[in-house]
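Please treat every number below as a calculation from the coordinates, not as lab data. Just so you know, these numbers come straight off a predicted model, no measurement behind them. Note that each Cβ is placed from the backbone with ideal geometry, even for glycine, and that neighbours are counted across all protein chains shown.
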Amino acid sequence: MSGEADGGADTPRDRTPDRGFDPAGRLAARARDDLRRDLTPVERVAARSRLAEDPGSDPITFDGDERVVFAANNYLGLAGEERVRAAAAEAASDVGTGAGASRLITGDTPAHRELERELADAKGTERALAFSSGYATNVGTITALDPDVIISDELNHASIVDACRLTDAETYVYDHCDPTDLRATMRERSREATGEESWLVVTDSVFSMDGDVASLAAICDAVEEFGAWLMIDEAHATGLYADGGGVVQREGLADRVHVQMGTLSKALGSQGGYVAGSATLIEHLLNAARSFVFSTGLAPPSAAAARAALRVAREDERRREQLWENVARLRDGLEAIGYDVWGETQILPVVVGDRERTMALGDTLDDHGIVAPGIRPPTVPEGTSRIRVAPMATHTEEDIQRCLDAFRAAGEELDLV
């Protein structure tokens, strides 16, 4: 006994296994794989802003000159638009800065209802429902639908991928933007199906990394042939086409799409996401979508700002035209310099290919006052690392030219053009 007391045997504490985590080791592994990232504070959300190094827990210090930002999804420049800011301030004063509870308890305010009516009108549906984020919208909607089978484009957004993982559905992935492969996948599944099944086909309309557009009419044809439901993610399209619609509206397909999803945080310059569809769909989601039911409602100032932004997007045709003019000028200029520019939308992926050369290009652009960081795997496939250039309607001709000059100088420095 005295030997044990003197430490001759392990104490219970000594025998306790280590079942904790090693954040430092995981961070070191990310750094070794060149995947560690830091936060980069911006002074304001606009076409031009000063940036700061990540201060950790210390106060932010902004110094140096403004840089031109080509890395935001604020496509119409509405995050700082006077009418949008005024609407947010008025809602904060009249309704409150936060919803205070789930929408199903006491968090359902006039700001939410007014936004949802406007969204439903713009999307050509009976009703709409606003969520606290686009991510929560996709996860909540897909899990609430609880399909037996999900058939998803291979380059769909991470929130769709995660939603598929959270369901019990058997998930199939079809080749990117390939309605023929979608149809073949559905045909194969139909041969295997036993009894009745619910099928959900889901795709982005505009893909955030490639800047291309799904062939929605052909997808509708395939979906209708097999009696499935179709969900379209319009995150990067909402507000950019006539009357504030997305690609679904541009192509006149609203009556063929069962679930229209979108965000309020990109072209509409606010925060949150939404689903638009039939009244019964919305009633089901507000009862069954866990990310809606168990989240505090979208902040009233965000809802009011999104509604005001949607009104600007619907009424201010010149603002939309300015965006597309900036897009065309940048695309033509980048291609003239010698860059490979993918896509067909407001998203301009300048594809370099090699990871290291892409990141060096992003750093060199920053040295020239342009914010357009490199995008590398696993965000994009191996061999397709790129600079994702995102112009805004509020970029001036001087801003566009400065961007082109920086790409030319950086490309020559790095022997890319």
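For Ser57 and Glu356, FRET efficiency with R0 = 35 Å and r from the beta-carbon atoms, rounded to 0.05?
With R0 = 35 Å, the Cβ-Cβ based efficiency is 0.65.
Amide H neighbours of Val389 under 5 Å, at least 5 residues apart or on other chains, H built in the peptide plane: list them.
It is Leu348, Val350, by chain and number.
For Ser133, enumerate residues with amide H under 5 Å from its amide H, sequence gap 5+ or separate chain, H modeled in the peptide plane.
Placed amide hydrogens put Gly273 under 5 Å from Ser133.
Which of these, Ile60, Ile160, Ile400, has the largest mean-square fluctuation under a Gaussian network model of the chain (Cα springs below 10 Å)?
Of the options given, Ile60 has the highest mean-square fluctuation.
May I ask for the net charge around Trp324, where only other residues with Cβ less than 12 Å from the Cβ of Trp324 are counted and Lys, Arg are +1 while Asp, Glu are -1?
+1
Work through the residues other than Ala52 whose Cβ is under 10 Å from its Cβ and net out their charges, Lys, Arg +1 and Asp, Glu -1.
Every neighbour counted, the sum reads -3.
Given the options Phe62, Phe21, Phe292, state which has the largest fluctuation in a GNM of the chain using a 10 Å cut-off (strictly under) for Cα springs.
Between Phe62, Phe21, Phe292, it is Phe21 that shows the largest mean-square fluctuation.
Provide the per-residue ³J(HN,Hα) series for the stretch 337-342, in order, calculated from phi with Karplus coefficients 6.51, -1.76, 1.60 and θ = phi - 60°, each as a whole number of Hz, with x at glycine and proline positions.
Once θ is set to phi - 60°, the couplings for the stretch 337-342 become 5, x, 8, 8, 10, 8 Hz.
Per-residue HN-Hα couplings for the stretch 398-411, Karplus 6.51 cos²θ - 1.76 cosθ + 1.60 at θ = phi - 60°, whole Hz, x for Gly and Pro?
Whole-Hz 3J(HN,Hα) from phi for the stretch 398-411: 5, 4, 4, 5, 4, 5, 5, 4, 5, 5, 5, 5, 5, x.
On full extension of the chain, what length is gained from Asp255 through Ala158, given 0.36 nm per residue of separation minus the C-alpha to C-alpha distance?
Gain in length upon complete extension: 32.3 nm.
Could you give each residue of the stretch 359-374 its phi-based ³J(HN,Hα) in whole Hz, using Karplus coefficients 6.51, -1.76, 1.60 with θ = phi - 60°, and x for Gly or Pro?
Per residue, the Karplus-derived 3J(HN,Hα) values read 5, 5, 5, x, 5, 5, 4, 4, 4, 8, x, 10, 9, 7, x, x Hz.
Listed highest first by mean packing, meaning other Cβ atoms within 10 Å per residue, what order do 298-304, 38-44, 49-55, 379-385 come in?
Answer by packing, highest mean first, reads 298-304, 379-385, 49-55, 38-44.
At 222 nm, what value in deg cm²/dmol follows for the chain if DSSP H runs of at least 4 each add -39500 (n - 2.57) and the sum is divided by all its residues, to the nearest 500?
So the calculated ellipticity at 222 nm is -12500 deg cm²/dmol.
Which ordering of Trp342, Trp324 is given by a fewest-first count of other beta-carbon atoms within 10 Å?
Trp324, Trp342
Work out the FRET efficiency for Ala31 and Glu192 from their Cβ-Cβ distance, taking R0 = 45 Å, and round it to the nearest 0.05.
According to the calculation, E is roughly 0.50.
What is the set of long-range amide H partners of Gly245 at a cut-off below 5 Å, with H atoms built 1.01 Å from backbone N?
Sorted by chain and number, the residues that satisfy this are Gly239.
What FRET efficiency, computed as 1/(1 + (r/R0)^6) with R0 = 60 Å and r the Cβ-Cβ distance, is obtained for Asp168 and Arg311, rounded to the nearest 0.05?
So the FRET efficiency works out to roughly 0.90.
Quick one: check the C-alpha center-to-center distance for the stretch 400-417 versus the stretch 202-236, whole angstrom.
Here the two parts' Cα centres lie 35 Å apart.
Summing Lys, Arg as +1 and Asp, Glu as -1, what charge do residues with Cβ under 13 Å from the Cβ of Arg357 carry, Arg357 excluded?
Combined, the nearby Lys, Arg, Asp and Glu give -4.
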